[in-house]
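The block underneath contains the structure these notes are about, expressed in structure tokens.
Nothing in this text is a laboratory measurement; each read-out follows from the coordinates by a stated rule. Please read all numbers here as calculations on a predicted model, not as lab measurements. Positions of Cβ are generated from backbone atoms using ideal geometry, with glycine treated the same way; all protein chains shown enter the neighbour counts.
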């Protein structure tokens, strides 16, 4: 069982390596799956974590001090609020857009017969 | 000599300089025309800088004194950016050969300047309409069927909006007798105020009057798109700053525009349509600021407009350069261009960072003022919506646009780098994005209400003293970017368009037409069936048969008595009477009896009436 697992893991790593070594000229234009390299992901995660950790060293001024009873007003002062907010707002927008696309998408020739 | 030119320029509205110059350029040969257009735009910047604060140039029109020059920090900042972006766009369009386009663009820019410096509502309206007409030529110049139809829809929407505005203006003049283009004058009559507000919001592309923008701009020429992106909506923002600061309804309208812009920009496949929705998102930001209406908010709105014109132009130029080189404009057809168009890519990245409001760019020092104003006024929801908007713009314009054009999948496009003139135009805009970001004091010194920004004019005050803002902004942008890459499979573009409000006048109008056609034609058919085929023949039949039937009805009791119910005999007599009536031949006695009855009726009627 354990060996099987190992084999599959090996396979995936070799596949990844293959994908990496593939030069752009070899990829067919019809293929539409952007490949984002593992090092890019690593860099992305590191920079994101640094931007959050930076908050330990700075003094953030308080938002909405007059609105103490407001839950949202208080949340805006939480640690890491901006990161969470960016992530949630953008993911929400993407999901909303994806959901609405069911109703809103039409073929490119949709308006061809209209004035 | 210098004093003479200065006093001369003080009294010439820059609008006339550009509009008259535009027509002079028409007769020049190609090279002189191009140089002349660029020089004219540059001279426009100089002419704006020479204007002295106050109101002057007041010719009489229809018994009213027009004010063609109302100069203050608000109109001057708009004047600067309008002429400056025209200068950049004209450099960019050096390889453009179309005679019509330069003239149309300069008239368009000139009339936008006319609106900005207008101190009364009549000249405002006249320049407003001239803007709509001249800009239509920039769409028509593409010269294909799609652009002609788009131009048709564009001009119809704007003429409609112009009429709404005119109604409001006329109502205001009727109510107050004054043509002053001020908030006090507009707010005298609520109905008039609402008409004016709707008229302006149509030009500002506010939801639901927004679809004309993504419908028309992407159909324009490459140069046309760059010019169009800067003026119509921003002029609308200017008039709102003048007439409606602090109008609270603008806060939700702005927030809705901002979010709507994000959703549609994410759905779009065409790069210039992505940028068109990005304009709506940004104008939403500004309109929200106008609704907040405090000194800080208005300063933020003017600063945002200033910076937004620069980076929006830059991105439209880049999209134009890509289209110029590849003849393609869709995310599904573009990709991997970083290899052959690296300079364009770098310039786009600067624009993308600026549009996202990244620190050290012009977006950071302008948009932040509006969010700060929302926070100071405790508009929590507006603040959150603005934050969503600034995170969202990072998503669709900051990352999606450059990613799908320059990276993503290599589609084997090996186009050359953009022409030098295009690079020069884009470089000027990119330079301004960074220059203003590093020297916020330069921008803050020309915008209105700059007195409240005294503490924040230096690089130190913004980036070092308030480092927490910089850090949190970075954090938000990074996580917005992270979500783009996390959801990348969902963002894969398809060869589709998204249905917007223009559905109502494109498909909807057709449905309405066929609906009206079906309803009224079926009513017509039913009426024909009932009146002509059923009612009228039976009426005719009744009129023909009535005298005979009435007579038979009168005689039947007598016959029944005298002939002791001999049915065949009665039938015979009935037949006889019917034939007599149909041929009009009666025995003399019958006629005499009828005449007597008739005279008796007449006498009776005459008596009773007298």
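At-a-glance table
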{"read-out": "Rounded if a/c under 1.5, otherwise prolate or oblate - the range B:398-475, Cα gyration tensor axes", "value": "oblate"}
{"read-out": "Shielding by other protein chains, B:386-394, mean Cβ within 10 Å", "value": "4"}
{"read-out": "Cα shape, the range B:354-446, gyration tensor, a/c 1.5 rule", "value": "oblate"}
{"read-out": "Neighbouring partner chain Cβ atoms per residue of A:63-76, average, 10 Å criterion", "value": "2"}
{"read-out": "Degrees between helix B:362-376 axis and first principal axis of chain B (Cα, 0 to 90, nearest 10)", "value": "60 degrees"}
{"read-out": "Packing-based exposure ordering (other Cβ within 10 Å, fewest first) of B:20, A:46, B:122", "value": "A:46, B:20, B:122"}
{"read-out": "Percentage relative contact order, the range B:2-501, counting C-alpha pairs under 8 Å, at least six apart", "value": "14 percent"}
{"read-out": "Test item: B:411-423 mean partner chain Cβ contacts at 10 Å", "value": "1"}
{"read-out": "Rough spin-label spacing in nm, given labels placed 7 Å along Cα→Cβ, for residue B:608 and residue A:68", "value": "9.3 nm"}
{"read-out": "Chain B - mean residue ellipticity at 222 nm from DSSP helices (-39,500 (n - 2.57) per run, n ≥ 4, rounded to 500)", "value": "-24000 deg cm²/dmol"}
{"read-out": "Within the range B:457-487: backbone nitrogen closer than 15 Å to the residue A:54 label point (7 Å, Cα to C-beta)", "value": "B:462-482"}
{"read-out": "Peptides ranked, highest mean first, by Cβ atoms within 10 Å: ranges B:469-482, B:403-416, B:291-304", "value": "B:291-304, B:469-482, B:403-416"}
{"read-out": "Cα shape, the range B:2-501, gyration tensor, a/c 1.5 rule", "value": "rounded"}
{"read-out": "Modelled FRET efficiency - R0 25 Å, residue A:88 with residue B:438, Cβ distances, 0.05 increments", "value": "0.20"}
{"read-out": "Degrees, to the nearest 10: B:121-140 long Cα axis against longest axis of chain B", "value": "90 degrees"}
{"read-out": "Computed E for residue A:61/residue B:514 - FRET, C-beta separation, R0 60 angstrom, nearest 0.05", "value": "0.50"}
{"read-out": "Which of A:65, B:574 has the fewest Cβ neighbours within 10 Å, and the rest in rising order", "value": "A:65, B:574"}
{"read-out": "Label-point separation, residue B:188 to residue B:566 (7 Å along Cα→Cβ), nm", "value": "9.8 nm"}
{"read-out": "Over the range B:1-129 - Rg/Rh using Cα atoms and the Kirkwood inverse-distance radius", "value": "0.99"}
{"read-out": "More than 37 Å apart - percent of Cα-Cα pairs taken over the protein assembly as shown", "value": "48 percent"}
{"read-out": "FRET efficiency, residue B:420 to residue B:145 (Cβ-Cβ, R0 41 Å, nearest 0.05)", "value": "0.80"}
{"read-out": "Folded to 0 to 90 degrees: helix B:467-486 orientation relative to chain B principal axis, Cα", "value": "60 degrees"}
{"read-out": "Burial ordering of B:513, B:324, fewest other beta-carbon atoms within 10 Å first", "value": "B:513, B:324"}
{"read-out": "Antiparallel DSSP beta bridges within the protein assembly as shown, as percent of all bridges there, nearest 5", "value": "100 percent"}
{"read-out": "Label-point gap, in nm, between residue B:467 and residue B:32 - each point 7 angstrom along Cα→Cβ", "value": "6.0 nm"}
